[in-house]
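The values are calculated or read from the model by the stated rules, or taken from the named source; none is laboratory data. In this text, all values refer to a predicted model and were calculated from it rather than measured experimentally. Using ideal geometry, Cβ is built from the backbone for each residue, glycine included, and neighbour counts are taken over all protein chains shown.
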Amino acid sequence: MGMNLDFTQIVPSIPYILKGIWVTLQIVLAAAAVGFALGIILALFKIGRIKVLKWLADIYTSIFRGTPLILQLLIIYYGAPQIVGFDIDAYPAAVLAFGLNSAAYISEVIRAGILAVDKGQREAAMALGIPYKKMMRHIILPQGLKNILPALMNEFITLTKESAVVTVIGVADIMRRSYIVGGQTYKYFEPLLFAGLIYYIMVMGLTLLGKAVERRMRKSD
């Protein structure tokens, strides 16, 4: 018995599905910016000397790494209005959920990168009387980030794939549009397979970009 695939029915809907790429990229880029900025702060808390901040950063990371992303998304979208008193639109809810989740993972990556920097760099900076903030901003962080670029790119790729869960709150991303087309044509396999192809191409593109950046950085060493 054949698979009986027929992609001709979804051809007119391909432009509609492709529009979801921009929606997905908007969410991913905004969430990545939130996650990176917050991740740096959390990483600095974890390696800092203030125990309360270190404790809070560890609890934050534990919660967001220990619970499913889709649960965090649903809590922010459906549960937060009970606390803040007003509804949150699907797009900002998605950005917030993905950004907060990504920050937990990025903070660990950045922390590891900072700790991997030669201790002599910090000792030399302290011996020269360079303030802690300037030392971290201009000496330690740039070197640490350079070492962890592959790990950061992997987190960005993971975020791109995981963004598909926004379909559960109605965001018209690639997955949601593919599902809608499936409902209109009564054929779900073909549009979902097409969506999978789009995600695969996006991920492969990001992978090649990451490798190109790595090669460039190795040449600059």
Would you mind finding the one in Ala103, Ala57, Ala124, Ala90 that is touching a residue at least 24 places away in the same chain (Cβ under 8 Å) and either out of contact with any helix residue (DSSP H, G or I) (no Cβ under 6 Å at 6 or more places or on another chain) or over 15 Å from Gly39 (Cβ atoms) (or both)? Ala90
Restricting to helices (runs of 4 or more DSSP H) lying wholly in segment 1-109: which have 3 or more residues that are under 20 Å from the mean Cα position of the chain (by Cα) and surrounded by fewer than 19 Cβ atoms within 10 Å (Cβ to Cβ)? 14-47, 51-66, 69-74
Subset of segment 212-221, residues loosely packed, with under 13 Cβ neighbours inside 10 Å and over 22 Å from the mean Cα position of the chain (by Cα), comes to Arg215, Arg216, Arg218, Lys219, Ser220, Asp221
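Being surrounded by fewer than 17 Cβ atoms within 10 Å (Cβ to Cβ), modelled with pLDDT of 75 or more and in contact with a helix residue (DSSP H, G or I) (Cβ under 8 Å, 6 or more places away or on another chain): is that true of Leu115 here?
yes
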Among helices (runs of 4 or more DSSP H) entirely inside segment 119-211, those with 3 or more residues being buried (at least 18 other Cβ atoms within 10 Å of the Cβ) are 149-162, 174-185
